[in-house]
Amino acid sequence: MIRSRRAATMAAAAVALAGAAAAQQAGPSDPAGDPTGGPTGPEAGRAAFIEACAGCHGREAGGDGPTAELLTVEVPDLTRFAARNAGTYDIVRVIQTIDGRQGLAAHGGPMPMFGGLLTGPAAVVDGPDGAPVATTEPILAIARWLETVQEETP
């Protein structure tokens with residue numbers, strides 16, 4: 001009984017991983033073949049960013065949004081993310097900062113957790129080690145748009 005439950009759990013996990021991999025390669029989250037990038041492409045990301053993030057970070061992600069001066073912490077210039085990270089744009093770190101998995105001190109960090117607000121269909125991106133990282137389409141789209149606005153590192 002335990003062995004069959006374990007086998008069923010393993011089979012379900014394998015099916016879920018295969019489904020996530022297939023969705024990543026050919027599902028609606030795949031921008032290939034769609035010049036706008038679909039629901040996870042940069043165009044969708046810019047729209048989601050303006051709606052959810054521009055109040056603090058500004059429409060062009062420079063940290064100069066209309067509410068930035070009201071905050072007690074400095075709002076970062078997101079166009080310099082790669083420059084602050086030795087020239088590397090770490091999409092997984094960006095995703096995990098937006099959804100609250102990284103960079104937050106419990107409930108008192110400077111960046112609010114937007115994972116619960118930026119809901120939508122699931123999306124998967126490969127991490128630097130090849131492991132899949134799950135998020136939502138709007139968060140992945142924002143992360144992909146932010147990659148397109150990175151300033152060159154000197």
- [ ] Could you please give the count of residues in the range 48-66 that are touching a residue at least 12 places away in the same chain (Cβ under 8 Å) and outside any loop (DSSP other than H, G, I, E, B)?
- [x] 6
- [ ] Check Leu117 against each of (1) crowded, with 16+ Cβ neighbours inside 10 Å; (2) modelled with pLDDT under 95; (3) not aromatic (Phe, Trp, Tyr) and name the one condition it does not meet.
- [x] (1)
Open item on the list: Can you pull out every residue in the range 67-93 that is in a helix (DSSP H, G or I) and hydrophobic (A, V, I, L, M, F, W, C)?
Closed with: Ala68, Leu70, Leu78, Ala83, Ile91, Val92
Open item on the list: As an exercise: evaluate Asp129 against (1) in a loop (DSSP other than H, G, I, E, B); (2) within 17 Å of Val149 (Cβ to Cβ); (3) charged (D, E, K, R) and give the number of the one condition it does not meet.
Closed with: (2)
Open item on the list: Can you pull out every residue in the range 74-97 that is within 16 Å of Ala54 (Cβ to Cβ) and among the charged types (D, E, K, R)?
Closed with: Asp77
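Can you tell me which of Arg101, Arg93 is under 18 Å from the mean Cα position of the chain (by Cα), crowded, with 16+ Cβ neighbours inside 10 Å and charged (D, E, K, R)?
Numbers: Arg101 fails: crowded, with 16+ Cβ neighbours inside 10 Å.
Just one listed residue meets the conditions, Arg93.
The values are calculated or read from the model by the stated rules, or taken from the named source; none is laboratory data. Since we're looking at a predicted model, the values are computed, not measured. Positions of Cβ are backbone-derived with ideal geometry, glycine not excepted, and every protein chain shown enters the neighbour counts.
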